[in-house]
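Q: Got a structure here, written out as structure tokens. Questions coming.
Nothing in this text is a laboratory measurement; each read-out follows from the coordinates by a stated rule. Since this is a predicted model, take the numbers as computed values, not measurements. Note: ideal-geometry Cβ built from the backbone for every residue, glycine included; neighbour counts use all protein chains shown.
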Amino acid sequence: MMEKVKVALLGLGTVGSGVWKMISENRDVIARKTGKWYQISSVLVKNPEKKRNLDGVEEVLTTDFSQVLARDPDVLIEVIGGVEPAFSYIKKAMAKGCHIVTANKELMAKRGQELEELSGQYGVQLRYEASVGGGIPVISTIRHFLKANRIYRFYGILNGTTNYILTRMSEEACSFADVLKDAQEKGYAEADPSSDVEGLDAVYKLSILMRLAFQVHVPVSQIPCQGITDLSPQELQLAEMLGYSVKLLARAEQFGENGPVSCSVLPTLVPLHYSLASVRDVYNAVTIEGDYVQDLTFVGQGAGQKPTASAVVEDLLNTGISFEEETGCQTNPWVLAGEDVFLTRFMWLKVRGQVTKPALEAQLKEVFASKLLRWAMLPEQAHTSIGLIVQGCNEQERKDWLSRWDVEQSQNRPVLVGKTLLDRCPPLFLAKTKA
Ligand SMILES: NC(=O)C1=CN([C@@H]2O[C@H](COP(=O)(O)OP(=O)(O)OC[C@H]3O[C@@H](n4cnc5c(N)ncnc54)[C@H](OP(=O)(O)O)[C@@H]3O)[C@@H](O)[C@H]2O)C=CC1
Ligand SMILES: N[C@@H](CC=O)C(=O)O
């Protein structure tokens with residue numbers, strides 16, 4: 001007789017529907033590999049009127065959480081999103097002895113530590129693989145396969161929606177609004193997509209990974225962050241003419257054991273010959289660097305129904321197998337100002353009127369001399385877009401140069417250089433903010 005596992009599912013949107021389908025469609029392979037029969041005994045939704053198109057789901061639908069617990073689930077899967085009521089539901093379920101699987105990065109970034117403590121207190125497991133990198137098993141890798149390494153750095157693309165938008169804007173010159181709509185229809189974006197495009201979703205994921213990799217809790221409010229809403233197709237085009245692809249880069253590093261931490265989520269220019277530049281569409285990539293493993297890179301679909309459901313259901317199947325205690329976490333780390341680590345910068349500006357190439361070249365050489373690495377210009381009807389790659393240029397020099405133009409728009413972005421992550425100066429020279 002096969003062991004039965006009773007599962008409660010909170011949420012039946014993009015991810016919840018994927019979980020329902022995967023458990024139904026792959027029941028045979030799951031039973032064969034685990035020797036267990038997973039049965040979804042209740043599904044909590046908000047709107048009981050919504051058409052679901054999922055075989056058999058109507059019989060277990062409810063809008064009442066107490067009915068979910070009344071069915072005594074062994075495992076509760078939370079895929080409703082947001083902090084409340086998700087936190088309270090999970091806490092109540094833990095108190096009843098339920099193991100928990102969640103895909104909720106906002107919850108894990110803001111209240112993850114508390115939930116870890118509660119799971120220890122109630123002797124239940126808390127798994128959240130899907131909260132970072134969609135289908136990529138990055139959390140399990142850090143938790144299970146990098147315990148003996150000192151992880152000092154990780155970086156990559158942690159948001160599928162923005163990578164999808166940037167890819168289509170640069171390759172097909174699509175408008176930001178059109179591609180965002182498409183990303184929402186494909187189920188990549190959050191219920192409130194501003195979380196994706198303003199960089200917060202990647203911040204949540206970065207905060208979760210820092211807790212696991214460095215054992216530090218950096219509150220999301222302390223992570224320097226900029227989204228992609230102000231990127232124009234012209235800026236992307238100029239970056240490409242200079243040999244770069246723009247990516248929303250999430251990065252974190254720690255300078256020594258219990259040392260200061262530097263982290264940020266920023267649109268960043270990545271040289272086209274770096275493998276990170278060819279991570280397109282909804283794909284995410286994470287590189288982890290540790291003292292013994294050296295470097296590991298994972299690439300996979302970072303959002304969408306199937307990859308996310310895969311991570312959730314794998315978590316479900318692993319529940320009850322191994323039990324990893326969460327170790328202590330430094331709660332008041334020294335957080336360095338994130339952007340100062342990038343010494344090489346991309347300056348983009350859109351000026352009114354036409355500019356001649358020789359005059360611009362002469363001016364750039366006079367102002368920036370050897371700090372200027374590369375430049376390009378793009379004439380438009382009544383404007384000219386100018387892009388520069390400069391190294392070691394300070395804010396005053398930048399402002400002085402801008403003051404020579406009738407500027408309509410300008411940007412100053414970090415550029416990824418070097419064999420490893422950054423061309424950084426030693427941390428002591430960086431601006432500091434003590435947490
Ligand atoms: N979409 C993706 O690619 C990924 C999403 N995630 C995370 O997974 C979680 C779910 O995302 P996703 O499926 O896209 O979200 P959706 O908005 O598609 O679905 C949310 C579901 O939760 C239900 N719900 C919302 N609020 C409540 C409530 N108060 N009580 C009961 N049910 C509620 C909704 O009910 P109803 O159907 O009735 O409206 C809906 O079924 C989020 O935490 C998200 O960040 C993680 C990785 C990838
Ligand atoms: N909205 C998120 C979904 C997965 O975490 C993203 O686009 O990455």
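Q: Below 23 Å, Cα to Cα, which lysines can LYS365 reach? Residues fewer than 8 away in the same chain don't count.
A: Hits, sequence-local ones excluded: LYS350, LYS357, LYS399.
Q: How big is the antiparallel share of DSSP beta bridges in the chain, given as a percent to the nearest 5?
A: The antiparallel fraction comes to roughly 70 percent.
Q: Treating cross-link reach as a plain straight distance, find the aspartates and glutamates whose alpha-carbon is under 12 Å from the alpha-carbon of LYS21, omitting any fewer than eight places away in the same chain.
A: Counting by Cα, and skipping residues close in sequence, LYS21 has these aspartates and glutamates nearby: ASP55.
Q: With the Cα gyration tensor of the stretch 140-286 in hand, convert its eigenvalues to equivalent ellipsoid semi-axes via √(5λ) and list them largest first in whole Å.
A: Equivalent-ellipsoid dimensions as semi-axes: 28, 17, 14 Å.
Q: Also, quick follow-up: Which of PRO224, PRO333, THR384 sits closest to the plus end of the dipole of the chain, meaning its Cα is farthest towards the positive end, when Lys and Arg get +1 and Asp and Glu get -1 on the C-beta?
A: PRO333
Q: What's the angle, to the nearest 10 degrees (0 to 90), between helix 176-185's Cα axis and the longest principal axis of the chain?
A: Here the helix axis deviates by roughly 10 degrees.
Q: Also, I was wondering about something else. Considering only ASN47, ASN163, ASN318, give the residue with the highest GNM mean-square fluctuation for the chain, with springs between Cα atoms whenever their separation is below 10 Å.
A: ASN47
Q: Next question, about the same structure. I need LEU272, LEU107, LEU209 ordered by Cβ neighbour count within 10 Å, fewest first.
A: LEU272, LEU107, LEU209
Q: Quick one: grab the alpha carbon gyration tensor of the stretch 343-414, order the square roots of its eigenvalues as a ≥ b ≥ c, and give me rounded if a/c is under 1.5, else prolate or oblate depending on whether a/b is larger than b/c.
A: prolate
Q: Can you sort THR308, THR356 by how many other beta carbons sit within 10 Å, fewest first?
A: Fewest to most other Cβ atoms nearby, the residues stand as THR356, THR308.
Q: Kindly put HIS273, HIS99, HIS217, HIS144 in sequence by how many other C-beta atoms sit within 10 Å of each C-beta, fewest to most.
A: Ordered by Cβ neighbours within 10 Å, fewest first: HIS273, HIS144, HIS217, HIS99.
Q: How are the C-alpha pair distances of the chain spread across 20 Å bins, as whole percents from the shortest bin up?
A: Reading the bins upward from 0: 25, 51, 21, 3, 0.
Q: Sticking with this structure for a sec: Most fluctuating residue of PRO219, PRO260, PRO85 in a GNM of the chain with Cα springs under 10 Å: which is it?
A: Top of the fluctuation ranking is PRO85.
Q: Could you check which residue among SER88, SER170, SER403 shows the biggest mean-square fluctuation in a GNM of the chain with a 10 Å Cα cutoff?
A: In the Gaussian network model the winner is SER403.
Q: Let me ask something else about it. Would you mind checking which residues have amide H under 5 Å from LEU61's amide H? H placed 1.01 Å from N; only 5 or more apart, or other chain.
A: So LEU61 has HN proximity to VAL43.
Q: Cα to Cα, under 25 Å, and not fewer than 8 places away if on the same chain: which lysines meet these conditions relative to LYS96?
A: LYS4, LYS6, LYS36, LYS46, LYS105, LYS110
Q: With the Cα gyration tensor of the stretch 1-142 giving a ≥ b ≥ c as the square roots of its eigenvalues, does the rule (a/c under 1.5 for rounded; else a/b larger than b/c for prolate; else oblate) give rounded, prolate or oblate?
A: Verdict is rounded for the stretch 1-142.
Q: State the extension gain, in nm to one decimal, for the chain segment bounded by GLU117 and ARG52, taking 0.36 nm per residue of separation less the distance between their alpha-carbons.
A: Working it through step by step, the gained length comes to 19.8 nm.
Q: Sum -39500 (n - 2.57) across every DSSP H segment of at least 4 residues in the chain, then divide by the residue count to get the 222 nm mean residue ellipticity, nearest 500.
A: -9500 deg cm²/dmol
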